[in-house]
Each structure stands twice: as structure tokens, then as C-alpha cells.
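One structure below.
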Amino acid sequence: MANERDFEASEKTYWVFGYGSLIWNPGFSFLGAQLGLLRGAHRSLSIISHHHRGTRDVPGLVFGLTRGGSCRGMAFEVCANAWAEVRAYLDARELVTAVYRDVWRPVTLADGRRVRALTYVVDESHEQFAGQLSPEEQVAMIRAGVGISGRNVDYVLNTAHHLSQLGIKDQALMRLARQLEAEGLPGAGTGQAA
């Protein structure tokens, strides 16, 4: 579990780094948000979902931050007074199983500042870590997955759409999104943020 003592006592705000559904559905109040760059990890569809976007019988596939490279995402600034509530919400949402680890990582903001942000990264030793799947394997899981937060295909297409709107280039994700949209899946591309 990430250590909040990493922050100096004078901190007035906290930061959260989002790279998947947090970008388009943060679910918490924040003071402001801007693009951010995290180095040392990259966004990948590498986590088997038994909860939010799939079930144990028909698992889905969700994003994680895996080692190496860098990731552009959204950095959310949270007021210190709201931090306990926001942190509890994020832990309940992201730490359903131990496939994610909560860590503090440096993020470079669009305005040039460098902050430490709460970030959820993959535990690559966890059984839900799928590793590097082929595009065909990814599409099959995404097409089939439905969990308590909705259809897996909506999750992937919403993320691709919002990254594109923000000017964030993720070529592998965009290729996958084009393939899913070309298949004419019912409801694909509707922008539903379930």
C-alpha cells in the first residue's frame, strides 16, 4: 500500500494519475485536471477482469500499467480536505483484488510541474496478469466480457475515444478500437460510460 507519509506536511493537495477509465469516469471530486506523463510504465490491456468488466466464467480484459516505457494520462488534483474520502473510494474501486498495487509515482504535468501522484500499477506476479496477449485474444475477451460496471467493449472504446480527444496517441489501442468498431458490435462506440 502506498505511503502517504511520502508527502510533506505542508501539502495542500494530492494528485491521482489516471490512464484508463479514470480519465473519462473519475467518480470523485477534484480541483482540476491536466494531462500528465508518467515514466517507467506503459498502459496495456493486460489484466483479466472478473469483476468490473467480466466474470470468472467469462472474463474481460482491462488496462494496467506495466513496467517499461511511459504513459500519457490525466492527473487529477484533489483537495486535502477531500483526500480521505477520495482515497477510500479509489481503493474500493481499484483494489478489488490484489492485481493492482497503489504506489506514489512522479508525474510531469502539462504545465511543466512535477508532482507525486497516487498511481495503480500491475502486480505482474498476480494470477490476473494476462501478460502480452495477441490482438485476436484481446478482441475475443473484450467482445465477451460483461461485469458489474458494464460491457468490456464500451470500456475499451470509451478509453480509446477519450485518449483521442485529448490528443494522446496510443497506436495499439487505436488499432484495437478500429477492429472492434469494424465488427459492428451492438452499442459499440455509443460513448456509454457505464
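The values are calculated or read from the model by the stated rules, or taken from the named source; none is laboratory data. These numbers come from a predicted model, not from an experiment. Counting neighbours? That spans all protein chains shown, and the Cβs are built from the backbone with ideal geometry, glycine included. Just so you know, the surface numbers come from the protein's heavy atoms only, side chains and all, with ligands and any DNA or RNA stripped out. Shrake-Rupley method; radii C 1.70, N 1.55, O 1.52, S 1.80 Å.
So how far apart, in nm, are the two label points at Glu137 and Arg178 if each is 7 Å from Cα heading toward Cβ?
Spacing of the two 7 Å Cα→Cβ label points: 2.3 nm.
Rounded to the nearest 10 Å², what accessible area does Tyr89 show when all protein chains are kept and the probe is 1.4 Å?
80 Å²
Please report, as a whole percent, how much of the solvent-accessible surface of the chain comes from carbon and sulfur atoms (probe radius 1.4 Å).
Taking all protein chains in place, the chain shows 50 percent carbon and sulfur surface.
GNM, the chain, Cα, under 10 Å: largest mean-square fluctuation among Gly36, Gly147, Gly20?
In the Gaussian network model the winner is Gly147.
With every protein chain in place, what's the accessible area of Glu127 (1.4 Å probe, Å², nearest 10)?
Around 140 Å² of this residue is reachable by solvent.
Based solely on its DSSP helices, what 222 nm [θ] is calculated for the chain when runs of n ≥ 4 H residues each add -39,500 (n - 2.57) and the sum is averaged over all residues, nearest 500 deg cm²/dmol?
-8000 deg cm²/dmol
State, to one decimal in nm, how far the label point of Ser70 lies from the label point of Arg114, with both points 7 Å from Cα in the Cβ direction.
For Ser70 paired with Arg114, the spin-label model returns 1.2 nm.
Specify the longest stretch of the chain that does not include any exposed loop site, a site being one of the trypsin sites (Lys or Arg not before Pro) with a non-H, G, I, E, B DSSP assignment and at most 12 other Cβ atoms within 10 Å.
57-112
To test your reading of the geometry: what angle, between 0 and 90 degrees and rounded to tens, separates the Cα axis of helix 83-94 from the longest principal axis of the chain?
20 degrees
Among Val16, Val58, Val99, which one moves the most in a GNM of the chain with springs linking Cα atoms closer than 10 Å?
Val58
Between the range 72-102 and the range 18-50, what's the alpha-carbon centroid distance in Å?
First find each Cα centre; the distance between them is then 10 Å.
With each pseudo-label sitting 7 Å past Cα toward Cβ, what's the Gln165-Val96 distance in nm, one decimal?
Between Gln165 and Val96, the label points sit 2.3 nm apart.
Can you give me the accessible area per residue for the chain, using a 1.4 Å probe, in Å²?
50 Å²
Solvent-accessible area of Asp91, probe 1.4 Å, all protein chains present, reported in Å² to the nearest ten, please.
30 Å²
Fully extended, how many nm does the chain gain between Tyr89 and Lys12 (0.36 nm per residue separation, minus their Cα-Cα distance)?
In short, 25.8 nm is gained.
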